[in-house]
Amino acid sequence: MTEAATEAATERHQATVGRDAYRRLMGAFPTGVAVVTTLSGGTPYGFTCTSLCSVALDPPMLLVCVSDRGRTAGPIADSGRFAVNLLHHRARPAARIFAAEERERFARVRWAPAGADGLPMLTDDALAFAACRVTHTVPAGDHRVIFGAVTEVRFAAPGAAVGAGAMEASPGDDTAARPAAHPASPSPLLYGFRRFTAWPEATGE
């Protein structure tokens, strides 16, 4: 579907429910939590994202939904690159920082450039990291849907303490790409019903 066709379809199907009702609906659908980051002109940008979805396995592709009102959409478009930091269950402070209206987000977390493009990786807060190259973008209301080809993935080192910052790059084969099961491995952070929570089997919860 072309951008013009998408915009026309949006105009034809205007929302018939209020924002509060829609937020309540989507709040009843718990999801994982990520911080989407990019680097543009040497400056890091990022925001907390729960609108993240797998698109294809061959080639590996995912999508994120980015608000046009935020400060990250433009830099992603400029750089053509972004990263997805999947947060572990003790990364609630980072999730709140990147969801808040403040400019010095990266000054309040530990991060490091990762991968060939040096994209910001949240070393203390991510259980997994994916570097992506933008393939195309589709406007959708007050957001844009950004599709990304996954070029690299990293996982928290099995057995590493939560927040230890130990991340392992994954080879390209499917077996090695699976995060190893380990009793001390970090568990994902979840968001639903307007609150953060942990996976039920999360260590220490």
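The values are calculated or read from the model by the stated rules, or taken from the named source; none is laboratory data. From a predicted model like this one, the values you see are computed outputs, not experimental measurements. Cβ: placed from backbone, ideal geometry, glycine included. Neighbour counts: every protein chain shown.
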Does A94 satisfy the condition of being closer than 19 Å to A130 by Cβ, among the small types (G, A, S) and under 13 Å from the mean Cα position of the chain (by Cα)? yes
Among (1) touching a helix residue (DSSP H, G or I) at 6+ places or on another chain (Cβ under 6 Å); (2) free of Cβ contacts under 8 Å to residues at least 12 places away in the same chain, there is one condition A107 misses while meeting the rest; what is its number? (1)
Name the residue, out of L52, L39, L119, L57, that is of a type in the set (A, V, I, L, M) and surrounded by 22 or more Cβ atoms within 10 Å (Cβ to Cβ). L119
Please work out if R19 is among the basic types (K, R), at pLDDT 95 or above and either closer than 22 Å to A140 by Cα or surrounded by 12 or more Cβ atoms within 10 Å (Cβ to Cβ) (or both). no
In segment 18-33, anything in contact with a strand residue (DSSP E or B) (Cβ under 8 Å, 6 or more places away or on another chain) and either in a loop (DSSP other than H, G, I, E, B) or among the small types (G, A, S) (or both) is listed as G27, A28, F29, P30, G32, V33
Out of (1) assigned to a helix (DSSP H, G or I); (2) in contact (Cβ under 8 Å) with a residue 60 or more places away in the chain; (3) more than 21 Å from W199 (Cα to Cα), the one G74 does not meet is (2)
Cβ pairs under 7 Å, 6+ apart, first in segment 126-141 and closer than 20 Å to E152 by Cβ and modelled with pLDDT of 95 or more, second in a strand (DSSP E or B) and among the hydroxyl-bearing types (S, T, Y): A131/T151; C132/T151; R133/T151
So for segment 100-108 (the condition being assigned to a strand (DSSP E or B) and either in contact with a Leu (Cβ under 9 Å, 6 or more places away or on another chain) or surrounded by fewer than 19 Cβ atoms within 10 Å (Cβ to Cβ) (or both)), does at least one residue qualify? no
Residue count, segment 101-150, condition under 15 Å from the mean Cα position of the chain (by Cα) and β-branched (V, I, T), comes to 5
Look through segment 60-81, keep the residues that are in contact with a Leu (Cβ under 7 Å, 6 or more places away or on another chain) and over 24 Å from S187 (Cβ atoms), and return whichever of them is surrounded by the most Cβ atoms within 10 Å (Cβ to Cβ). R81
